[in-house]
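Please treat every number below as a calculation from the coordinates, not as lab data. As the structure is a computational prediction, the values presented were derived from the model and not from experiment. Here Cβ is always computed from backbone atoms with ideal geometry, including for glycine, and neighbour counts include all displayed protein chains.
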Amino acid sequence: MRLPTRKAEKEKNATFQQDHHLSVATIERMKKTLIDLEKKQRPEAIEEVQRTQEMGDLSENAAYQEAKFHLRRINSQILILEERLKNAIPIKKDNSGRVQIGSHVTVLIDDKQRAYKILGSQESDPFKGCISYLSPIGSALMGHIVDDVVRVEHGNTSSEYRILSVE
C-alpha cells in the first residue's frame, strides 16, 4: 500500500541538502556523549524501569510510565548520535589560503571588520560568528583568497565583502 505524500513534503525533500560536515571537536564531543548515554544513563534508566515495574499495576503506575519514557528518550538520543557519527565528514584544516570549510575568515563590510568561521550547517551559529558554507555569505566566500572582493545578494540589496585574512 502506498501512502500519499503531501506537496510540502515533496518540496522540502527536493530542496533540502543533507550536510554531514562536522568539526573534529564536535565529533569528539558527540562520541563522549554517546559513551555517557550507553555506559551510564541507559543502565540507570533500565534499573529505574525495573524498580518501578515492581510497584504493581503497570497501567496506573505513573512512575513506571515516566521511567519508560525516559528510557525511550535515551535510546532515541543514542540512535540519533550513532547515525550522525556514522555519516559525519570531519572538517580537515587546510592552509591553502583559500576560504574552505573550517576556515576562519576576516572580512571588511561597509568599513566594519567581521570575523566568521565557515562550518557545516549542523554547527552554524551566526550569533557566535559561525556560518554555514551553504549560507549566502558562506557560499559566496568559498574558494576566494585574501584581497578578493565578494558580492553577496540579500534579497533586493547586495553587499561587498573584502577578504582581509584567511586562516
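How about the stretch 115-136: which of its residues are under 15 Å from Val166 (Cα atoms) and either of a type in the set (Val, Ile, Thr) or under 13 Å from the mean Cα position of the chain (by Cα) (or both)?
Of the residues in the stretch 115-136, the ones under 15 Å from Val166 (Cα atoms) are 115-119, 129-131, 133.
Matches in the stretch 115-136: Ile118, Leu119, Cys130, Ile131, Tyr133.
When Ile118, Ile35, Ile80 are checked against the criterion of being of a type outside the set (Gly, Ala, Ser) and either touching a strand residue (DSSP E or B) at 6+ places or on another chain (Cβ under 8 Å) or surrounded by 13 or more Cβ atoms within 10 Å (Cβ to Cβ) (or both), Ile118 stands alone in meeting it. From the list Arg42, Arg51, Arg29, the lone residue that is over 30 Å from Arg84 (Cα atoms) and either of a type outside the set (Ser, Thr, Tyr) or exposed (fewer than 12 other Cβ atoms within 10 Å of the Cβ) (or both) is Arg51.
Of the listed requirements (1) farther than 29 Å from Gly138 by Cβ; (2) under 17 Å from the mean Cα position of the chain (by Cα), Leu81 misses just one: (1). When the stretch 114-138 is filtered for residues that are touching a residue at least 60 places away in the same chain (Cβ under 8 Å), of a type in the set (Gly, Ala, Ser) and farther than 18 Å from Glu153 by Cβ, the ones remaining, listed by number, are Gly120, Ser121. Being in a loop (DSSP other than H, G, I, E, B), on the phi < 0 side of the Ramachandran plot and of a type in the set (Val, Ile, Thr) is the requirement here; does Ile101 meet it? Spelling it out, Ile101 is indeed in a loop (DSSP other than H, G, I, E, B), on the phi < 0 side of the Ramachandran plot and of a type in the set (Val, Ile, Thr).
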